[in-house]
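**Student:** Have a look at the structure that comes next, please.
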Amino acid sequence: MGIKRYTAFKDNTITNAFKTNLSTRGTGSNMGRADTLEVFSIFAQANSSSNEITRTLIQFPVSSSDTGSTILADRNDGKIPASGSVNFFLKLYNVAHDQTVPRDFTLEITPVSQSWEEGYGLDMENYSDLTYDGTGSNWINAKAATAWTNEGGDFLTASVYSSYNFSQTFEKGTENLEVDVTDLVEQWVTGLAGGGVVDNYGVAIFLTSSQESGSKRSYYTKKFSARSSEFFFNRPVIEARWDSSRKDKRGSFYVSSSALSDVDNLNAIYFYNYVRGQPKDLPNVAKNPINVTIHTSASGGEKLTAAGSGTFTYLNAITGGWVDTGIYSASFALDTTASIVFDRWFSGSVYYYTGSIEPETITPTSVFDTTEYIASITNLRSEYFNDDTARLRLYTRQRNWNPTIYTVATTTIENSIIDDVYYKVFRIVDDKDVIPYGTGSLNHTRLSYDVSGSYFDLDMSLLEPGFAYGVKLLFYINGIYDEYNETFKYKVIE
């Protein structure tokens, strides 16, 4: 899947700005549950020696006590990877408006150090100090009857917390905010176990101290969509990204070649232990190593030597490992002339599985390969519910495949496996990319493949129901990205 989003469950804009009559400040104003969040600084009002300032508070679901799908629960359930294998990005989306937009400014993102209430103020126009039933955070109070230690909010800005403070510079002023906050999120998760130094009270977003109070220049007004926004894809989120692709080379296994390095000669193969359609860890192996030997027959036969991924020393057995529930993998290089070999998976004296591999030979060529492909998603349905997670299978073949009558009569069309394929999802009605291509260092939308071809898992809860969506594919071949011209369409319903 490689991507999951956690929408904010609480946000607010707090301010010390003047009320409409310009006589007193709206320091008690509460703007919780508004559809926008604001950050601004207005310099040197005639009746004050200090700037008018607004700051944004925002909190995301981490623990079981928070609202919505939580990061900790999903990690415990294996829906997102362990620490070190996933990155978290804070994403806020710009709101276009008819007021002045500041340029060339920097927003700081820093942890809040105490709990606070969202409130029900909706008091962003007149700053009339509404708090309705007395709840809600504002410039003075973090919540009802509980003041901030410092007016304007309490934040972890000391140097000891520098790893958990972030910033983004806005040149035009209309950019979205997107910052890698992995270190902070992992601290929030660790804190739940009593080992962290930062608890999850969310983050504050504000201008730098010089831009708030000392530059003799106004920065009015930067707006972001709030969690109450009517626009589903513009609500503030923390987005988890990771490379979930599995490259099972059982169907595209190449024998060792002197034209390749030791690493490039390695082939990863997988063993999937499914019981009644569900993945199950092997009872006597669990997450421990598992051994693999390569033979000339399914019953054992001659044992072939293979270079393991750890030492590249020729061994009789390769050490494999646990990948996910019920899934084990081993990587090795193999030098053989056999047309078919058999992999036998075992621990101690117990053999669990025997598979087969038909090795191919890599032949260097002086011709640059410009092969084009035809692709289709073979199991795509016309509709999905928004709580579905669909495993979509990709079929690809060479465009210039031109069978003879003999070929059609005696063989099936070969499913060509492309090593690197990426997907994106966009909304049909307005071409909005809702899951952009995840290329680069994280590769979070890269397809997996096995002996049956490429596939990817798509979590429909990432998408707003009631709309049609399109899937596009991006092939990475010979160092070049090439977008496939066909769109695969479906609709998400409730």
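The values are calculated or read from the model by the stated rules, or taken from the named source; none is laboratory data. The structure presented is a predicted model; accordingly, all values stated were derived computationally and were not measured. Using ideal geometry, Cβ is built from the backbone for each residue, glycine included, and neighbour counts are taken over all protein chains shown. Quick note on the areas: whole protein, heavy atoms, side chains included, nothing else; ligands and nucleic acids left out. Shrake-Rupley method; radii C 1.70, N 1.55, O 1.52, S 1.80 Å.
**Student:** Based on what the data block shows, is TYR384 within 27 Å of LEU474 (Cα to Cα), open to solvent by less than 90 Å² (accessible area, probe 1.4 Å) and modelled with pLDDT of 95 or more? Talk me through it step by step, then tell me what you get.
**Tutor:** On the way: within 27 Å of LEU474 (Cα to Cα): yes; open to solvent by less than 90 Å² (accessible area, probe 1.4 Å): yes; modelled with pLDDT of 95 or more: yes.
Answer is yes for this residue.
**Student:** Open to solvent by less than 60 Å² (accessible area, probe 1.4 Å) and not aromatic (Phe, Trp, Tyr): which single residue out of ASN273, ASN284 fits that description? So that I can check it myself, show each step before the final result.
**Tutor:** Values: ASN284 fails: open to solvent by less than 60 Å² (accessible area, probe 1.4 Å).
Answer to the check: ASN273.
**Student:** Looking only at segment 59-91, which residues are touching a Ser or Thr at 6+ places or on another chain (Cβ under 7 Å), among the hydrophobic types (A, V, I, L, M, F, W, C) and touching a residue at least 60 places away in the same chain (Cβ under 8 Å)?
**Tutor:** Selection gives VAL62, LEU72, PHE88.
**Student:** Could you list all residues from segment 431-446 that are touching a residue at least 24 places away in the same chain (Cβ under 8 Å) and open to solvent by 10 Å² or more (accessible area, probe 1.4 Å)? Steps first, answer last, please.
**Tutor:** Restricting attention to segment 431-446, the residues satisfying the condition of being touching a residue at least 24 places away in the same chain (Cβ under 8 Å) are 432, 434-435, 437-439, 442-446.
If the condition is that a residue be touching a residue at least 24 places away in the same chain (Cβ under 8 Å) and open to solvent by 10 Å² or more (accessible area, probe 1.4 Å), then LYS432, TYR437, THR439, LEU442, ASN443, HIS444, ARG446 are the ones that fit.
**Student:** Looking at ILE269, ILE294, which is the one that is touching a helix residue (DSSP H, G or I) at 6+ places or on another chain (Cβ under 6 Å) and assigned to a strand (DSSP E or B)?
**Tutor:** Unique residue meeting the criteria: ILE269.
**Student:** Taking segment 1-25 as the search range and keeping residues that are at pLDDT 85 or above and assigned to a loop (DSSP other than H, G, I, E, B), which one is most open to solvent (accessible area, probe 1.4 Å)? If you could, list the steps in order and put the result at the bottom.
**Tutor:** So in segment 1-25, the residues at pLDDT 85 or above come out as 2-17.
Of the ones still in play, those that are also assigned to a loop (DSSP other than H, G, I, E, B) are 2, 8-9, 16-17.
On the way: GLY2: 0, ALA8: 8, PHE9: 41, ASN16: 15, ALA17: 0 Å².
The selected residue is PHE9.
**Student:** Something else about it: Kindly evaluate SER228 against the criterion of being in a loop (DSSP other than H, G, I, E, B) and among the small types (Gly, Ala, Ser).
**Tutor:** yes
**Student:** Restricting attention to segment 231-261, which residues are under 28 Å from ASP183 (Cα atoms), assigned to a loop (DSSP other than H, G, I, E, B) and open to solvent by 40 Å² or more (accessible area, probe 1.4 Å)?
**Tutor:** ARG235, ASP243, ARG246
**Student:** Residues that are polar (S, T, N, Q) and part of a helix (DSSP H, G or I): does segment 190-208 have at least one? Let's see the steps before the verdict.
**Tutor:** Just the residues of segment 190-208 that are polar (S, T, N, Q), to begin with: 190, 200, 208.
So of that shortlist, the ones also part of a helix (DSSP H, G or I) come out as 190.
Checked segment 190-208: at least one residue is polar (S, T, N, Q) and part of a helix (DSSP H, G or I).
**Student:** From the set of residues in segment 155-171 that are out of contact with any Asp or Glu (no Cβ under 9 Å at 6 or more places or on another chain) and open to solvent by 80 Å² or more (accessible area, probe 1.4 Å), which is nearest to SER218 (Cα to Cα)? Before you say what the answer is, go through the steps one by one.
**Tutor:** Quick first cut of segment 155-171, residues out of contact with any Asp or Glu (no Cβ under 9 Å at 6 or more places or on another chain) only: 156, 158-162.
Filter once more, keeping what is open to solvent by 80 Å² or more (accessible area, probe 1.4 Å): 159-160.
Values: SER159: 28, VAL160: 31 Å.
Top of the filtered list is SER159.
**Student:** Quick test for you: out of LYS91, LYS79, pick the one residue that is within 30 Å of SER244 (Cβ to Cβ), open to solvent by 40 Å² or more (accessible area, probe 1.4 Å) and among the charged types (D, E, K, R).
**Tutor:** From the options LYS91, LYS79, the qualifying one is LYS79.
Each row is one residue, and each column tells you yes or no for (1) of a type outside the set (Lys, Arg); (2) surrounded by fewer than 16 Cβ atoms within 10 Å (Cβ to Cβ).
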site	(1), (2)
SER448	yes, no
SER452	yes, yes
ALA468	yes, yes
ASN478	yes, yes
TYR481	yes, yes
TYR484	yes, no
THR487	yes, yes
LYS491	no, yes
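**Student:** Looking only at segment 107-127, how many residues end up being more than 21 Å from SER228 (Cα to Cα) and open to solvent by 30 Å² or more (accessible area, probe 1.4 Å)?
**Tutor:** 3
**Student:** Contact list please: Cβ distance under 8 Å, first residue in segment 359-372 and aliphatic (A, V, I, L, M), second residue at pLDDT 70 or above and open to solvent by 70 Å² or more (accessible area, probe 1.4 Å), pairs at least six apart or on different chains.
**Tutor:** ILE362/TYR254
**Student:** Same structure again: Output yes when any residue across segment 271-286 is touching a strand residue (DSSP E or B) at 6+ places or on another chain (Cβ under 7 Å) and within 30 Å of THR363 (Cα to Cα), and no when none is.
**Tutor:** Yes.
**Student:** Would it be correct to say that THR149 is within 15 Å of GLU108 (Cβ to Cβ), assigned to a loop (DSSP other than H, G, I, E, B) and open to solvent by 10 Å² or more (accessible area, probe 1.4 Å)? It would help to see each step written out before you state the result.
**Tutor:** Working: within 15 Å of GLU108 (Cβ to Cβ): no; assigned to a loop (DSSP other than H, G, I, E, B): yes; open to solvent by 10 Å² or more (accessible area, probe 1.4 Å): yes.
No: the conditions fail for THR149.
**Student:** Could you please give the count of residues in segment 272-285 that are in contact (Cβ under 8 Å) with a residue 12 or more places away in the chain and part of a loop (DSSP other than H, G, I, E, B)?
**Tutor:** Of the residues in that region, 6 qualify.
**Student:** Under 8 Å between Cβ atoms, at least 6 apart or on separate chains: pull out the pairs that start in segment 136-149 with a residue that is under 10 Å from SER29 (Cα atoms) and end on any residue that is β-branched (Val, Ile, Thr) and not in a loop (DSSP other than H, G, I, E, B).
**Tutor:** Matching pairs, first to second residue: SER137/ILE14; ASN138/ILE14; ASN138/THR15; TRP139/ILE14; TRP139/THR15.
**Student:** Looking at (1) modelled with pLDDT of 95 or more; (2) more than 16 Å from VAL292 (Cα to Cα); (3) crowded, with 17+ Cβ neighbours inside 10 Å, can you tell me which one TYR373 breaks?
**Tutor:** Only one criterion is unmet by TYR373, namely (1).
Every residue, every condition in (1) in a strand (DSSP E or B); (2) closer than 20 Å to GLU239 by Cα; (3) out of contact with any helix residue (DSSP H, G or I) (no Cβ under 6 Å at 6 or more places or on another chain), yes or no:
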| residue | (1), (2), (3) |
| --- | --- |
| PRO61 | no, yes, yes |
| PRO81 | no, yes, yes |
| PHE89 | yes, yes, yes |
| PRO102 | no, no, yes |
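**Student:** Working carefully through the options LYS472, LYS424, LYS432, find the one that is under 21 Å from PRO236 (Cα atoms), basic (Lys, Arg) and touching a Lys or Arg at 6+ places or on another chain (Cβ under 8 Å).
**Tutor:** Numbers: LYS472 fails: under 21 Å from PRO236 (Cα atoms); LYS432 fails: touching a Lys or Arg at 6+ places or on another chain (Cβ under 8 Å).
Answer to the selection: LYS424.
**Student:** Another question, if that's okay. Quick check on my filter: what residues within segment 475-489 are at pLDDT 95 or above and either among the charged types (D, E, K, R) or closer than 17 Å to PHE233 by Cβ (or both)?
**Tutor:** Those that are at pLDDT 95 or above and either among the charged types (D, E, K, R) or closer than 17 Å to PHE233 by Cβ (or both): GLU483, GLU486, LYS489.
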